[in-house]
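Here is the structure we will look at.
The values are calculated or read from the model by the stated rules, or taken from the named source; none is laboratory data. Everything numeric in this text was worked out from a predicted model, so none of it was measured. When we count neighbours, we look across all protein chains shown, and the Cβ atoms used for this are built from the backbone with ideal geometry, even at glycine.
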Amino acid sequence: MWFVFALLSAVFAALTSILAKAGIEGVNSNLATAIRTVVVVLLAWGMVFLTGTQNGITEISRKSWVFLILSGLATGASWLCYYKALQIGAVSKVVPVDKLSIVFTMVLAFVFLHESFTAKSLIGCGLIALGTLLMVL
């Protein structure tokens with residue numbers, strides 16, 4: 001089931017890029033990011049209340065709060081940079097560079113989460129990096 005959700009995430013991410021590029025024309029990128037963020041917040045809290053999981057907020061550990069807040073800050077920084085890049089660049093160039101996050105994530109997962117880094121994943125990372133370079137040149 002994780003694969004279905006991951007695939008849907010990729011489809012929605014693709015739609016996000018196309019819709020954002022169409023919507024950001026003539027709009028400050030920071031303002032556009034703020035509007036998008038409000039929509040995301042409303043959608044996320046809507047899902048929390050729809051699924052009845054709002055009571056779980058009191059069970060979140062201090063460690064989880066710290067990492068969720070840091071993750072939120074990283075997400076915000078990513079979105080601000082992404083929208084600025086979309087505003088001034090072509091979607092077909094911005095998106096491949098943005099997807100280098102796959103390579104960065106795998107390296108960080110290896111270093112900080114001690115996940116395995118196999119020959120297959122190393123080759124895959126290299127191909128993603130090479131593919132990105134080919135797409136943006």
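Quick rundown of the values:
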read-out	value
Single residue of 90, 34, 6, 74 found to be surrounded by 12 or more Cβ atoms within 10 Å (Cβ to Cβ), free of Cβ contacts under 8 Å to residues at least 12 places away in the same chain and either at positive phi or not hydroxyl-bearing (Ser, Thr, Tyr) (or both)	34
Residue match in segment 105-112 (condition: within 29 Å of residue 21 (Cα to Cα) and assigned to a helix (DSSP H, G or I))	yes
Pairs where the first residue, in segment 38-66, is under 22 Å from residue 79 (Cβ atoms) and the second is at pLDDT 95 or above, C-beta under 7 Å, 6+ apart	48/54
